[in-house]
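Here's the structure, in structure tokens; my notes come after.
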Amino acid sequence: MQYIDNILFLILIVVGFGLFFKSLKELTRNVNLGKDIDRSDNKNERWAVMGRVALGQGKMVKRPVAGILHILVYLGFIIVNLELAEIFVDGLFGTHRFLAGVLGLGFYNVFTAVLEVMAFLVAVSIAIFFIRRNIIHIRRLNMKELLGWPKNDANWILVIEFSLMMAFFLMNSSDFVLMTREGDVKGYFPFSQSLFGVFNGFGDTTLHILEKGAWWFHIIGVFFFMNYLYYSKHLHIIFAFPNTWFANLQKKGKFNNLDSVTKEIKLMMDPNADPYAAAPADADPNAVPDKFGANDVFDLNKVQLLNAYSCTECGRCTAVCPANITGKKLSPRRIMMATRDRLEEVGKNINKNGKFVDDGKKLLDDYISREELWACTTCNACVEACPVLIDPLSIIFEMRRFMVMEQSSAPQELNLMMTNIENNAAPWQYNQADRLNWANEN
Ligand code: SF4
Ligand code: SF4
């Protein structure tokens, strides 16, 4: 029987990790559908940003309640899952609390006590998160883009995490009573021990079933959680790390001008300008991009696609977006969610056909409307607010660039201004030569 347990556990590990790495491969392939972008500069700064923002959760505490609760869940979850090391060894080799022998009983008591305290804090934080979402109805967590799957996804994760913590306490409580009866207690369990009176009423067989059941529930739950990430916004617990590393380190507000356009403008402003000066030495001065801007995920760069997978759907961006606050249709969170939805659809298309087969859809219009895109003031507030350094504005900007440069379909007011710039090198409707006419007025 013991060997059957060990073999089942081994199968669980192989299947759990196998599926997880398959999903990871698919996600990487999807991100690589984007265009190349060079973010290999300032490596030291990038490591520091990742350490501060992803590992240290530096931006989370700007909203202290949610931030502190999130840090507790994050830290607690990591610490409680240190227990996994012990579960793996016990599961594979049939040992019982093998770390007690490695650490010595004194250290092991401290270790198990810390795990229990952290598990308790995680459970309380999760309960508060659930209440904020479903009872207090915090506005940014109950907006219309979250209806349906996103809301269920968030709640499911809370339920899974809470259940894992309960299984942990159940395992410790029943095991503690069994160890006490055998006179061989390993570990100190401040919360589980307090339930001694309840569990001591059960017979040995029931306790063994409870302990083993909770043990299996915990480990199966962890593998389930790991594989569920692929479908969930909780993918950010992995992707936040590369996402912050590859973040845009330039000052906000600095846009990526196109060399070909810059050259044209320079020539327009100064007919004597050298047409080769604006381009890099080895570049073809007349080269133009295949397409200006983006109307589908293939036109976005890899970091923008990584952004889409890293979005936590927290809504901090939307909560500070002036367009959204003033009742416009735009929500930067929805921009990221729609980009991910489209990317996932493209990924499924590739899975099915071996390569992407045109499905007649595009990110622009089918997922993100023009009304949303033109509502943006390009203020960067969403970028500033994002706790994992996502840049929704860069996607909005590329899609607007497509509409303007490929389709000439900007709103009337903008078209007029751009025509004036093109003809008069100024946004007004009169010739440059007439600029100083106002000075002639009496
Ligand atoms: S940049 Fe655009 S999307 Fe972002 S907060 Fe400002 S208006 Fe909203
Ligand atoms: S883009 Fe950033 S701030 Fe906005 S919902 Fe996603 S993670 Fe939150």
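The values are calculated or read from the model by the stated rules, or taken from the named source; none is laboratory data. Bear in mind the structure is a predicted one, so any value in this text is a computation, not a measurement. Neighbour counts are summed over all protein chains in view; Cβ atoms, including those assigned to glycine, are modelled from backbone coordinates with ideal geometry.
Which of the numbered conditions does V122 fail, given that it passes all the others? Conditions: (1) buried (at least 19 other Cβ atoms within 10 Å of the Cβ); (2) within 14 Å of E313 (Cβ to Cβ).
Of everything listed in (1) buried (at least 19 other Cβ atoms within 10 Å of the Cβ); (2) within 14 Å of E313 (Cβ to Cβ), V122 misses just condition (2).
So, in region 41-92, how many residues would count as being over 20 Å from the mean Cα position of the chain (by Cα) and not in a helix (DSSP H, G or I)?
4
Kindly establish whether D175 is acidic (D, E) and in contact with a helix residue (DSSP H, G or I) (Cβ under 9 Å, 6 or more places away or on another chain).
Details: acidic (D, E): yes; in contact with a helix residue (DSSP H, G or I) (Cβ under 9 Å, 6 or more places away or on another chain): yes.
Judged against the criteria, D175 is a match.
Condition first: within 16 Å of ligand 1 (Cβ to nearest atom) and on the phi > 0 side of the Ramachandran plot. Can you find one or more residues in region 384-399 that meet it?
Yes - at least one qualifying residue is present in region 384-399.
Evaluate region 404-426: report whether one residue or more is within 10 Å of ligand 1 (Cβ to nearest atom), farther than 15 Å from N307 by Cβ and of a type outside the set (D, E, K, R). Quick ask: steps written out before the conclusion?
We begin by selecting, within region 404-426, every residue within 10 Å of ligand 1 (Cβ to nearest atom); these are none.
No, every residue in region 404-426 fails to be within 10 Å of ligand 1 (Cβ to nearest atom), farther than 15 Å from N307 by Cβ and of a type outside the set (D, E, K, R).
Conditions tested, residue by residue: (1) surrounded by fewer than 21 Cβ atoms within 10 Å (Cβ to Cβ); (2) closer than 21 Å to N200 by Cα.
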position	(1), (2)
L105	yes, no
I126	no, no
F130	yes, no
I138	yes, no
P150	yes, no
W156	yes, no
V159	yes, no
F162	yes, no
T180	yes, yes
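Within region 362-371, track down each residue that is surrounded by fewer than 20 Cβ atoms within 10 Å (Cβ to Cβ) and either charged (D, E, K, R) or in a helix (DSSP H, G or I) (or both).
If the condition is that a residue be surrounded by fewer than 20 Cβ atoms within 10 Å (Cβ to Cβ) and either charged (D, E, K, R) or in a helix (DSSP H, G or I) (or both), then K362, D365, D366, R370, E371 are the ones that fit.
Answer with yes or no whether F168 is under 36 Å from the mean Cα position of the chain (by Cα), crowded, with 19+ Cβ neighbours inside 10 Å and closer than 30 Å to E313 by Cβ. Give the derivation first.
Numbers: under 36 Å from the mean Cα position of the chain (by Cα): yes; crowded, with 19+ Cβ neighbours inside 10 Å: yes; closer than 30 Å to E313 by Cβ: yes.
When the stated conditions are applied, F168 passes them.
Residue-by-condition table, conditions (1) modelled with pLDDT of 95 or more; (2) of a type in the set (S, T, N, Q); (3) within 16 Å of ligand 2 (Cβ to nearest atom); (4) under 14 Å from the mean Cα position of the chain (by Cα):
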{"residue": "P271", "(1), (2), (3), (4)": "no, no, no, no"}
{"residue": "P275", "(1), (2), (3), (4)": "no, no, no, no"}
{"residue": "A281", "(1), (2), (3), (4)": "no, no, no, no"}
{"residue": "N286", "(1), (2), (3), (4)": "no, yes, no, no"}
{"residue": "K302", "(1), (2), (3), (4)": "yes, no, no, no"}
{"residue": "R333", "(1), (2), (3), (4)": "yes, no, yes, yes"}
{"residue": "M336", "(1), (2), (3), (4)": "yes, no, yes, yes"}
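In the set L389, L306, L343, which member is touching a residue at least 24 places away in the same chain (Cβ under 8 Å), surrounded by 18 or more Cβ atoms within 10 Å (Cβ to Cβ), outside any helix (DSSP H, G or I) and within 16 Å of ligand 2 (Cβ to nearest atom)?
Going through L389, L306, L343 in turn, just one is touching a residue at least 24 places away in the same chain (Cβ under 8 Å), surrounded by 18 or more Cβ atoms within 10 Å (Cβ to Cβ), outside any helix (DSSP H, G or I) and within 16 Å of ligand 2 (Cβ to nearest atom): L389.
Output the residue which, of all residues in region 309-337 that are away from ligand 1 (no atom under 13 Å from the Cβ) and assigned to a helix (DSSP H, G or I), is farthest from M60 (Cα to Cα).
The initial filter retains those residues of region 309-337 that are away from ligand 1 (no atom under 13 Å from the Cβ), namely 309-314, 337.
From what is left, the residues that are assigned to a helix (DSSP H, G or I) are 309-310, 337.
Working: Y309: 19, S310: 15, M337: 20 Å.
Checking each candidate, the answer is M337.
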